[in-house]
Amino acid sequence: MSRVRRGAEEGRTGERTTGERRAEELDAAGERAERPVDSRARFTGRGWAFLAAGALSLLAATWLGRKDVLALALFLGGTPLFAALSLYVVRPRVLLKRTVDPALVTAGDPATVRLRVRHRARRGREVHGAVAVRETVPAALGGDRELEVGADGTPAGYTVRPLARGLWPLGPATVQVADPFGLATELLDASERGVLHVAPAAVPLPEISPDRLREAGAEPSRTGRPAPGPDNVTTREYRHGDPMRRVHWAASARHGQLMVRQEDPRSVRRLSLVLDLDERSWPGERVWAGVLPSTAALEWAVGLTAAVLDHLARRETLVHALDGFGRALPRGGEDDDGAARAVTAVTDEGAEDVRHGLARVRPVPAPRGASLAERVDRERLVHPVLLVSGDLGAGAAERVLAATERAGAGSAVLVIEDGSPPAGAAVLEAAGWTVVLAAPGTDPEDAWAGLGARGPAAAPRRPAAGAGSGSAPAGGPRAADGPGAPDRPGGPGRAADGPQGTGTAPGAGR
């Protein structure tokens, strides 16, 4: 029977989230397998010194025939044995609580992990003194940590700086307890893990001319004719949680309190952002996003999705964020199967929450009963669509077109690793969509700028032997139809120069 009361993260109640259950099931990116802790009591250096002194005293008592030396030998030798026996009889219990500040972390930002230990004896009496804790931490976060944690509730902490998004396991922790005299120790396995949710970083995207976006089919639609401007902007009192960028300083000065801008609902722009999570669209070598299986192409696509969400939310655009199965993208800190899965609309206040939810996405097989067409029809998503996918097949492209046939316009960013356009690219282009091909090493700014080009764009292709200037290295695409390029014959949504009816993405070669 375990001698440890398994501690949970502070403030966490109820059932564990899907991410935490997954963290226990998967192999944490090839990390070493956990080994059971040997919880037998062991003597410390001081305990071995007592035993050695007792043995020498016993020899001296035998040689000298002195009973007082014999009593000293029995005391020195019996004290460590009694200490080890006391650890078995008392059965110490350890309550370990782990907190992460901030709870939702962005890739590249530091986070502080704090451990609190409550050490109690069998009858509930609190045991004072520090305990040694060895925390299991993935190598990508700096490796295991050894801490001295005060048993009186004083926390000890360490800092991690995750460089990639995903779910990163923290723990289990091994706690070393000792008797009051420090003669014997025992290892206790506090095997409850924590999970560090790391959201993808949202890189800044360049501004694109609205005219170019509209021609390329990526201009978010509006719910009414009026455009945002001084004539349809109202103000209201500042509420807790309102972004500071919406503060209307002139109105605040007139009213003597903070006022925020509130756009007329008739001028709200809308866009449907679809992130394809079908495992068939993401072949290639597996990489790990913490404990989540992924690919390099999907990691790039998730980063682009986060950047687009952040970019559009800052520009008063209502984004309907879905996956390729018609499910709403998860929200940060909530279970994947919770009520948030029924919500697709993302405002500027909720964009960060959805971006943190992207920490949990991974390639999955098509779930039963999930349909993008049903979701689009149920919520009447007739707005322009931006699809982010990988090796999109022709059949999958046909399903996307059927589901979004009532949308105003369509654009797609397809992430490719081998340099050849997927079969779905030609299907989308034939339907008038703007298609941008990007490699995992492409800058997201270049792919976004490609949506503003008059013609479709393709990302870098690996140069073949003897290739001329028409091929670009894998590090970045060449500029073909940039925002300032002249019109191409054929109009928007039609193929530009290049093989397979595609050109190269703009903005590379910096």
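The values are calculated or read from the model by the stated rules, or taken from the named source; none is laboratory data. Quick caveat: nothing in here was measured; it's all calculated off a predicted structure. Cβ placement follows ideal geometry from the backbone for every residue including glycine, while neighbour counts extend to all protein chains displayed.
Restricting the stretch 304-319 to residues that are β-branched (Val, Ile, Thr) and surrounded by 24 or more Cβ atoms within 10 Å (Cβ to Cβ) leaves a set whose member that is nearest to residue 234 (Cα to Cα) is 319. Being among the hydrophobic types (A, V, I, L, M, F, W, C), surrounded by 13 or more Cβ atoms within 10 Å (Cβ to Cβ) and at pLDDT 70 or above: is that true of residue 233 here? Considered against the rule, which asks whether it is among the hydrophobic types (A, V, I, L, M, F, W, C), surrounded by 13 or more Cβ atoms within 10 Å (Cβ to Cβ) and at pLDDT 70 or above, residue 233 comes out as no.
Selection of strands (runs of 3 or more DSSP E) fully inside the stretch 309-426 by the criterion of at least 2 residues being outside the structural domain of residue 273 (by TED's automatic domain parsing) returns nothing.
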